[in-house]
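Could you have a look at this structure, given as structure tokens, before my questions?
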Amino acid sequence: MGDKAFPDGSTDVGAEEAVQRSDRDVNDLVGVRAFDVKAALSLDIRGGDPSFTDFPRTLVFTLVHDARTGRVIAGALGRAGVVDVAVQGTTVQTRGPLSLGIEHSRANQGAAVVTYTELGFVVDAAGVLHGTARGEVTFASGDVLSTAGVTSVLDGVPDATRPTLAPQGSALDVGAPLRGTFFTATEPLTEGSSAKLVGPAGESIPLDPVFIEGTTLVRGFSKGAVALAFATQYRLAVDQIVDFVGQRGAVEPRIATEALPPLLAADGFESASGSTVAGAALVGDGAVPAISGKKSAFITFLTSAFGVSTSAPRFLARLTLPPAAKTVRVQVRVASPLEGFADFYGTVAVASVGGKVARLESIKGTGPITRVATGQTNPFYLTAPKTVEIPLPEGSKGEIAIEIAVASAAPLPPSGLVIDDLRAE
């Protein structure tokens, strides 16, 4: 096994030699040693916060001690850090904070953060790690941040667990071909680790490494701005991810994308029927007026504020690309339940399968503002119609998919977006 370079210019003696050193004398504090660590969590819950009632009481993470460079590398669930250490006798003490991920069902994206501001350990003659740590647990649920103190007892054994990757986020985020996906590493990975998505015909999409801050060590991978195919299963190839004892990736997760969205006519939704179109509410004959013609589509979380009975936080459709088309155009109006708020907080994404994704974050409304009063709902407010243009990205051909979605953590008040005359030109 060849030597690996660290960011400070030093070289790793190699996992094989590190293991041999560990076998010879685990207490010599020389070389590179990696441990699978279990931390028993004791929480100091401030103010009796009920959101911690079902918080996990065990954190599993990987800890690597590089005695040659005086550093500890630790990581779990896509969060990892590198800190300097002080050694007193056989005790190793960190000299900076380490943040680790932990699953928690109440947290946004299903993950909380344990930050150890103090962590110390020793390794006994059997090669077993014993230690303690203290710090803080934090997670956000919606727009509410919860915090608790934490102390831990640490027990670790030599790392024998092969690394793998797991997609982070909801099933919708992971399966949506136009969205970026972050794949968390189960432990910190060595420099040069790589991963890719492989389709059913063997086509591959390389993933972009995401580094531990200030280093070239890898904590996960990002899909980036490439559109996947709809209704397709991809294999996440992990045979080129490597941990600090030379173990390569094991389990290869499968990623299934969502069903093919409808192909729409460029007629301003006039031929659409029913209460929805491509996941959005079909409006025009109720409180929300059409922009032009008799029908428009409407995207919002807060449907009740606008007199719409159908939940419609996302629009997803396909359009046929005419020859020489260069842009996607759509007429929009921003809807708000409060006067003076005229921005749509969400994302517009456009791409052909296999091509780059063009993305527009948020849409600013323009005046004059129209007050809409009905007998069924409180008044709400609509900006003036405006045209939004998105240049077709690289790789656009045949047809494109377009997704318009309300941001999952949008600032209040929740806004909506009326769209019409969607077309590629």
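The values are calculated or read from the model by the stated rules, or taken from the named source; none is laboratory data. A quick note: this is a predicted structure, and the numbers were derived from the prediction, not measured. Counting neighbours? That spans all protein chains shown, and the Cβs are built from the backbone with ideal geometry, glycine included.
Return the only residue of Ile255, Ile299 being surrounded by 15 or more Cβ atoms within 10 Å (Cβ to Cβ) and closer than 23 Å to Arg423 by Cβ.
Criteria check complete, one pass: Ile299.
Residues are listed down the side, and each one gets a yes or a no for (1) under 30 Å from Thr320 (Cβ atoms); (2) more than 20 Å from the chain's Cα centre (by Cα):
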| position | (1), (2) |
| --- | --- |
| Ile212 | no, no |
| Val218 | no, no |
| Ala229 | yes, no |
| Ile241 | no, no |
| Gln247 | no, yes |
| Glu252 | no, no |
| Ile255 | yes, no |
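What is the residue count in the range 89-112 for residues that are within 19 Å of Gly156 (Cβ to Cβ) and in a strand (DSSP E or B)?
9
Suppose we keep only residues that are in contact (Cβ under 8 Å) with a residue 60 or more places away in the chain and surrounded by fewer than 16 Cβ atoms within 10 Å (Cβ to Cβ) within the range 262-288. Which one would you say is nearest to Pro379 (Cα to Cα)?
Only one residue fits best here, namely Ala266.
Here's something else I'd like to know. Please indicate, with yes or no, whether at least one residue in the range 252-263 is touching an Asp or Glu at 6+ places or on another chain (Cβ under 9 Å) and modelled with pLDDT under 95.
yes
Can you work out which of the residues in the range 233-245 that are buried (at least 17 other Cβ atoms within 10 Å of the Cβ) and not acidic (Asp, Glu) is farthest from Ala166 (Cα to Cα)?
Val245
Same structure, new question: Would you mind listing the strands (runs of 3 or more DSSP E) fully within the range 358-401 where at least 3 residues are more than 15 Å from Ala342 (Cα to Cα) and modelled with pLDDT of 95 or more?
Answer list for the range 358-401: 386-391.
Taking the criterion of being touching a helix residue (DSSP H, G or I) at 6+ places or on another chain (Cβ under 8 Å), surrounded by fewer than 19 Cβ atoms within 10 Å (Cβ to Cβ) and on the phi > 0 side of the Ramachandran plot, would at least one residue in the range 84-98 satisfy it?
No, the range 84-98 contains no residue that is touching a helix residue (DSSP H, G or I) at 6+ places or on another chain (Cβ under 8 Å), surrounded by fewer than 19 Cβ atoms within 10 Å (Cβ to Cβ) and on the phi > 0 side of the Ramachandran plot.
Go through the range 239-263 and report how many residues are β-branched (Val, Ile, Thr) and part of a loop (DSSP other than H, G, I, E, B).
Looking only at that region, the number is 4.
Then there is this: Taking the condition among the polar types (S, T, N, Q), over 14 Å from Val60 (Cβ atoms) and either assigned to a strand (DSSP E or B) or modelled with pLDDT under 95 (or both), does Thr115 pass?
Criteria met by Thr115.
Is it the case that Gly224 is of a type outside the set (Lys, Arg), within 30 Å of Pro209 (Cβ to Cβ) and loosely packed, with under 14 Cβ neighbours inside 10 Å?
So Gly224 passes the test.
While we're on this one: For the range 310-354, list the strands (runs of 3 or more DSSP E) that sit wholly inside it and hold at least 3 residues that are over 19 Å from Phe269 (Cα atoms) and within 27 Å of the chain's Cα centre (by Cα); which are they?
Those strands (runs of 3 or more DSSP E) span 343-351.
Tally time: how many residues in the range 304-322 are crowded, with 20+ Cβ neighbours inside 10 Å and either modelled with pLDDT under 85 or over 24 Å from Val353 (Cα atoms) (or both)?
Adding up the residues that qualify gives 4.
Here's a check for you: in the range 323-347, which residue that is of a type in the set (A, V, I, L, M) and under 14 Å from Ser415 (Cβ atoms) is surrounded by the fewest Cβ atoms within 10 Å (Cβ to Cβ)?
So the residue we want is Leu338.
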